[in-house]
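Participant: I'd like to ask you about the structure that follows.
The values are calculated or read from the model by the stated rules, or taken from the named source; none is laboratory data. The structure presented is a predicted model; accordingly, all values stated were derived computationally and were not measured. Heads up, the Cβs are rebuilt from the backbone with ideal geometry, glycines too, and the neighbour counts pull from every protein chain shown. The accessibility values were calculated without ligands, DNA or RNA, using every heavy atom of the protein model including side chains. Shrake-Rupley method; radii C 1.70, N 1.55, O 1.52, S 1.80 Å.
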Amino acid sequence: AEAAAAGGGWRCGRCGDGAALRWCISGTLCASFLGLGMSIAVLGPTFPTLAANVGKNVSDIYYIFVGRSLGSLGGSVLGGVLFDCMDATLLLAFSMLGTAAGLYVIPWCNQSLLLTILMSVIGGSMGILDTGGNVLALYTWGSEAGPHLQALHFSFAAGAFLAPMVAQMDLGSSESEGLAGAEKINQSVLKSVPTASAVSTTPAPNDHHNESFLWSYIFIGTYILLVSIFFFVLFSKSSSARDKSKASAQKDKLAKYHWPLVGLLFVFFLFYVGAEVTYGSYVYTHALVFAEMKESEAATLNSVFWGAFALCRGAAIFGAAFLSPATMIVMSLLCSAASSTALAFFSHFRAALWAGSAVYGASMATIFPSGIAWIEQYTVVEGKTASLFVVGAALGEMCIPVAVGYLQGRYHHVPVVMYTAFVTSLVTVLLFPAMYKLANWPQQRDSQEVSDRETRKTLLSNSRLTEDEEEEEQHVREWNDADFEVVEMNDELKNSLMDTSCRIPGDSPAEVSLQPHLDNALSDPPVVADGSPGRQNGSIDWEKSE
């Protein structure tokens, strides 16, 4: 396989082995993001059981989410630094190992502090995977990375969709047994101590739930462990091309406005991901309070949002092969602006709420992977750069939902969720043209300068050609004038000599002596510059003849 510089990293060669290796890398990355989605989403359905294991109420262990978010931020930054220092596949293999180890230990954890630490470790490993996975896809496929980035994030959505099913896998038999045991305990306890019923019923179902969810965590951890083994295999296969890739990567140069462009995309992802998570988290509550839906209807509305989100990400895998990243971003932003406007001002109509949620979910699906593929066209996306994107997304996921929850708690009669969707859509619609202008402005200016230089060169060459032509024409005119003067002088000399010879009668010696001079004068015109030498010679010969 041959190495070539593409997007600041290495690409496998065009031969059969290189193409197969690239597809193996892409497939393993998709498998890892499937596990990433399951690892993140499995916490939701298992949250009550984890709280019971550590002896806390659900509302008392909210800090495990904060620990996981902080771990994800730290992992993103650390992964960005390490990604530029070591092999990408090796780093991702170790991060998957860390995630698998944390998932294996969590079901047996019975202390809240240890559970928070484990969540932070898992969050850090996930942050490394999120950063490294996107960059490795760019390094592997270069300008062809669009569909593969869409496939990565579709795999994440698919994993989040499968996680509740995995968590419910073993609940059928255990729940029936647990409920039967709990009912017997309730009947015996309620007769004696009614207030202790909640405490008495806790152990029996808890044991069964713990066993069930233990297998759920074990299943996901085992899957991630297998994916990490594939990464180790890829490391052994791709190590031979690593040195060439580093050498080729040094040839790439950052854009002139690299960091301002990265900063704008950082803010762009902060608002985009924050809006996505906020709407997905609060649309259920909004439907209950403002639209007065039933719980089943509100749950279905929430599923419509995430279902449209996942379906559009799947369709974007094929769309990215035909559409440029900028085109996909513009289409998504326009749909997002239209749907958020309808949700902000017409959500009291149920039809607008249903249609707006579906379109809004679909419009949010492709922005993140398309944004990474778009900026790779203008500058080098290194590990540190990708980590900033992930940090921006994590900050938006942390800050904007918290702010919306606080404002909704203070202003009960205002649909803060819908207004937030409208404002964030407006911000992203304004940010992208600024980023596009900044990314293309240096190239436009450079091309204008090149055009000006070429114009100046053309004008100078034309002016030199004109001067040369004028000088040549002047030279020709001078030579023509000189030729006319010589011809006129020769005619005068001939006429004067002929007149002189006509005045001499017969065959005198003077005729003989004049004839050679006349022939010389007529046969060699350049010798006679003007008429004076000829006339002097003629007069001298005439005097001698006399």
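Participant: Name the helices (runs of 4 or more DSSP H) wholly inside the stretch 285-404 in which the number of residues that are surrounded by fewer than 16 Cβ atoms within 10 Å (Cβ to Cβ) is 2 or more. Give the derivation first.
Facilitator: Numbers: elements: 295-319, 325-346, 350-363, 367-375.
It comes to 295-319, 325-346, 350-363.
Participant: Kindly list the number of the only condition in (1) open to solvent by 50 Å² or more (accessible area, probe 1.4 Å); (2) touching a helix residue (DSSP H, G or I) at 6+ places or on another chain (Cβ under 9 Å); (3) not small (G, A, S) that fails for F268.
Facilitator: (1)
Participant: Any residue in the stretch 338-348 that is under 23 Å from H148 (Cα atoms), among the hydroxyl-bearing types (S, T, Y) and in contact (Cβ under 8 Å) with a residue 12 or more places away in the chain? Don't jump to the end; show me each part of the working.
Facilitator: The first filter runs over the stretch 338-348 and keeps only residues under 23 Å from H148 (Cα atoms), leaving none.
No, that holds for no residue.
Participant: Residue under question is D60, and the condition is that it be of a type in the set (D, E, K, R) and under 23 Å from the mean Cα position of the chain (by Cα); does it hold?
Facilitator: On the way: of a type in the set (D, E, K, R): yes; under 23 Å from the mean Cα position of the chain (by Cα): no.
No; evaluated as a whole, the condition is false for this residue.
Participant: Quick check on M126: is it of a type in the set (A, V, I, L, M) and in contact with a Ser or Thr (Cβ under 8 Å, 6 or more places away or on another chain)?
Facilitator: Working: of a type in the set (A, V, I, L, M): yes; in contact with a Ser or Thr (Cβ under 8 Å, 6 or more places away or on another chain): yes.
For M126, the condition - of a type in the set (A, V, I, L, M) and in contact with a Ser or Thr (Cβ under 8 Å, 6 or more places away or on another chain) - is met.
Participant: Can you tell me which residues in the stretch 27-66 are open to solvent by 30 Å² or more (accessible area, probe 1.4 Å) and either outside any helix (DSSP H, G or I) or among the β-branched types (V, I, T) (or both)?
Facilitator: Within the stretch 27-66, I40, G55, K56, N57, V58, Y62, V66 qualify.
Participant: Here are the criteria: (1) open to solvent by 10 Å² or more (accessible area, probe 1.4 Å); (2) at pLDDT below 85; (3) in contact with a Phe, Trp or Tyr (Cβ under 8 Å, 6 or more places away or on another chain). Tell me which single one P147 does not satisfy.
Facilitator: (2)
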